[in-house]
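Below you'll find the structure, written out as structure tokens, and then a few comments.
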Amino acid sequence: MRPKTRSVRGLLLGAMALSAALALALMGAFFTAFSYDLEDAIFDRLVATEADRHPDEPSIVPSGMTTYVGHASLPPWLRESLPEDAPRSEREVFTRGHGHFHVAVRPDAARGPTRYVVFDTTALTSTTRHLQRTAGLLVTSALLALLGAALLSRFVARRLSRPLEQLVSRVRADVTPRPEEDGGIAEVHMLAAALRARDLRIQELLERERAFNRDASHELRTPLAVAQGAVEILELDPPSDGETFERLRQAVRHMGLLTEGILWLARAGRSDETCELVGITREMAALYGDRHRHDGVELVIEASDEVLAPLPGAVARVMLGNLIKNALDYTSQGRIVIQVAPGSWSIRDTGVGFGQVQPEHAGFGVGLSLVERLARRFSWDLSIRPEEPHGTRVQLSWPPVGPHGT
């Protein structure tokens, strides 16, 4: 199953919003941890300063700070939390029902009684309650920060995605992207440069193909003209082997049609020519029918009125002639039905049909390949599908000639 696709703008907005939310959460956690640590550091510094003060030094003892000498002098609920042999240190002590204390422990160097400076910070320790009271302010700040991040993300995403969207629009319109449309983004610039290089290679390949088709068709025209001239001379005094002569005449005519089709592939631009498709269909059926039709195969043309198609007559003869010839060659019994209607031309056979062979495999020669190329050249649709239980249906369809066209 194909994964759901997302735009570059959507991906950038999502990534930036997630990054902003994660950054805010981490900053909030770090800020809370830092607040608690800073609070403990200040209280420890206060009790340490008082404990290490020389007796002759002036001091202002904060409210709630008491000095005890000897472990036995401590209140029972503090004595339980402070071991008698506690080393020199600053401690944070939580008691049940008596509050929160910071204690500086100072053992006497001469093995005298230990001094304890106890600071009751119960009333001062209000970080948690303060955070609870200011939760609304914190949430509002976080939402404002997220909003700012979203606006910034939208600006950055648009800045990055707009050149890509413009590039996609130009490629869809079959227009080569210009260098100044990269939006100043290196990756878009490289992509546009790669597309321009690809277009240049494609144009070079197409031009080489057109040049080859043009040269090949012109080179073939000379020997074909000679062959056609010889056929016309022989028609004045037909040889005794009429069957061989007829085969030669049809082969020369078919080669002329193929050459004309190849020459049309080499031409640039569109053609405004139109042709009468029913008349050309009857002409091609007469050209190939007598020679290529097997005994017992019925060739039927179904058309009510003449159909005008947006195609030069020479090209129509190449395309329809090759399709009719293929159907005749691959059908040994049954019927071949050609239907001509406004907007479509189809041929259906009841024989082996070349629908039994994959179109990409050999078996139809240059004829079918030429039909496919000419169909693309003139923006016609070509479909080939097998018929049940056997046979093939080939259909050509084209856009309307005009508001008053047939």
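The values are calculated or read from the model by the stated rules, or taken from the named source; none is laboratory data. None of these values were measured; they are calculated from a predicted model. We place every Cβ from the backbone using ideal geometry, glycine too, and count neighbours over all the protein chains shown. Protein only, heavy atoms only, side chains kept; ligands, DNA and RNA dropped before computing areas. Shrake-Rupley method; radii C 1.70, N 1.55, O 1.52, S 1.80 Å.
Worth a mention:
- Filtered residues of segment 370-379 (kept if open to solvent by less than 50 Å² (accessible area, probe 1.4 Å) and without any contact (Cβ under 8 Å) to a residue 60 or more places away in the chain): 371, 375
- Residue list for segment 213-255, filter: open to solvent by less than 80 Å² (accessible area, probe 1.4 Å), at pLDDT 75 or above and within 52 Å of the chain's Cα centre (by Cα): 251, 252
- Filtered by the rule that a residue be among the β-branched types (Val, Ile, Thr), more than 11 Å from residue 47 (Cβ to Cβ) and not in a loop (DSSP other than H, G, I, E, B), segment 94-122 gives a lone residue, 95.
- Residue match in segment 258-274 (condition: open to solvent by less than 90 Å² (accessible area, probe 1.4 Å), on the phi > 0 side of the Ramachandran plot and modelled with pLDDT under 75): yes
- Qualifying residue in segment 336-356 (condition: modelled with pLDDT of 80 or more, open to solvent by less than 70 Å² (accessible area, probe 1.4 Å) and in a helix (DSSP H, G or I)): no
- The set of residues in segment 167-194 being under 23 Å from residue 14 (Cα atoms) and either at pLDDT 75 or above or of a type in the set (A, V, I, L, M, F, W, C) (or both) consists of 167, 168, 185, 186, 188.
- First in segment 380-391 and in contact (Cβ under 8 Å) with a residue 24 or more places away in the chain and within 17 Å of residue 369 (Cβ to Cβ), second anywhere and part of a loop (DSSP other than H, G, I, E, B) and of a type outside the set (A, V, I, L, M, F, W, C), Cβ under 8 Å, 6 or more apart: 384/359
- Test: residue in segment 300-310 that is crowded, with 17+ Cβ neighbours inside 10 Å, at pLDDT 80 or above, of a type outside the set (Val, Ile, Thr) and assigned to a helix (DSSP H, G or I): no
- Evaluation of residue 81 against (1) part of a helix (DSSP H, G or I); (2) surrounded by 14 or more Cβ atoms within 10 Å (Cβ to Cβ) (one fails), failing number: (1)
- The set of residues in segment 26-56 that are open to solvent by 40 Å² or more (accessible area, probe 1.4 Å), over 17 Å from residue 124 (Cα atoms) and modelled with pLDDT of 75 or more comprises 49, 52, 53, 54.
- Test: residue 323 is open to solvent by 10 Å² or more (accessible area, probe 1.4 Å) and in a helix (DSSP H, G or I): no
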